[in-house]
Amino acid sequence: MLKSEKPLVFIRAERNQGYSEKKKRDYDFATVTFSDGLESLKMDIVPDLVPQYEQVFKKGDQVVISVDVSVSNNRTVFLVNEIKKAS
């Protein structure tokens, strides 16, 4: 698990779900966007957490994140598992 040391700026949490006609299956994924003041960073989150993050955080909030790092299908996967307001 990695933890940000400097606060990031919360931008938005987004959820995309639906049905893929091409692959003939449902999809459901979510991302959260942060900024360090110079660039924005979009990272994956658990889709069920989007409503909670939208209620707790608003654009511009200073936050600290924890990220789980794993390998799946020979790819490094980063998944945000915790977001807290910076103190």
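Beta-bridge orientation, the chain: approximately 95 percent antiparallel, per DSSP, counting only bridges with both partners inside.
Helical runs (DSSP H, four residues minimum) scored at -39500 (n - 2.57) apiece and divided by the length of the chain put the mean residue ellipticity at 222 nm at -2000 deg cm²/dmol. Take the Cα of Leu38, step 7 Å toward its Cβ, do the same at Asp26, and the gap between the two points is 4.2 nm. Here the label points at Asn16 and Asp48, each 7 Å from Cα along the C-beta direction, are separated by 2.3 nm in the simple model. Among the trypsin sites (Lys or Arg not before Pro) in the chain, those located in a DSSP loop and surrounded by at most 12 other Cβ atoms within 10 Å of their own Cβ are Lys22, Lys23, Lys24, Lys58, Lys59. Looking at the chain, the GluC sites (Glu not before Pro) that sit in a DSSP loop and have at most 15 other Cβ atoms within 10 Å of their own Cβ are Glu5, Glu21, Glu39. A simple charge model with +1 on the Cβ of Lys and Arg, -1 on the Cβ of Asp and Glu and nothing else charged puts the dipole of the chain at about 140 debye relative to its Cα centre. Counting only pairs 8 or more residues apart or on different chains, how many lysine pairs in the range 2-85 have their Cα atoms under 23 Å apart? Close lysine pairs under the 23 Å cut-off: 18. Each principal axis of the Cα cloud of the chain was evaluated for its coordinate range; sorted largest first, these ranges are 45, 30, 22 Å.
Values in this text are rule-based calculations from the coordinates and carry no lab data. Not measured: the values here are computed from a predicted model. Don't worry about glycine lacking a Cβ; one is built from the backbone with ideal geometry, like all the others, and counts go over all protein chains shown.
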